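Comments concern the structure below.
Derivation of every value follows stated rules applied to the coordinates shown; laboratory data play no part. Here the structure is a predicted model, which is why all the values come from computation and not from measurement. Please note: Cβ atoms are built from the backbone with ideal geometry, for glycine as well, and neighbour counts cover all protein chains shown.
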Amino acid sequence: MNKTFRLLLANAVLIAAGASAVASASAAEVVVIAPSAPPPVRYEAVPAPRVGYVWDHGHWRWEHGRYVWVAGHWQAERVGYHWVPGHWIAHGPHYRWVQGHWA
């Protein structure tokens, strides 16, 4: 019985280790660096508030060597957190995108 329990425990540890390795690989951060400042932010009319959602305003995305506008959209609210919108920051002569996130 003791040998069976140890075998079961060893299998559980291996499965948990494999699951955490897959989870950490899928959570890899993508770093976006652009060679110039983004264009001025476009004005977007913010829709009326929706219960259970927060508005994530539009932003410029660096795509295939140029900036492309991404329209604003709703983010499902996470109770106990606040939404920090994505933004560009100067990084030496370039600009780096900081992804929006819950904090």
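Report the semi-axes of the equivalent ellipsoid for the range 31-102 in whole Å, largest first, where each axis is √(5λ) for an eigenvalue λ of the Cα gyration tensor. Walk me through the intermediate numbers first.
Working: eigenvalues 129, 42, 15 Å².
Working from the Cα gyration tensor, I get semi-axes of 25, 14, 9 Å.
For the range 31-102, what is the relative contact order in percent, using Cα pairs closer than 8 Å and at least 6 residues apart in sequence? Intermediate values should be presented prior to the final figure.
Working: 114 pairs, mean separation 24.4, N = 72.
The value is 34 percent.
Along Cα→Cβ, 7 Å out, is where each label goes; now give me the distance between the ones at Ala76 and Gln99 in nm to one decimal.
Using points 7 Å along Cα→Cβ, the separation is 1.7 nm.
Between beta-carbons, use under 15 Å as the cut-off and find the net charge around Gly86, counting Lys and Arg +1, Asp and Glu -1.
Numbers: positive: Arg42, Arg61, Arg96; negative: Glu29, Glu44, Asp56, Glu63.
Every neighbour counted, the sum reads -1.
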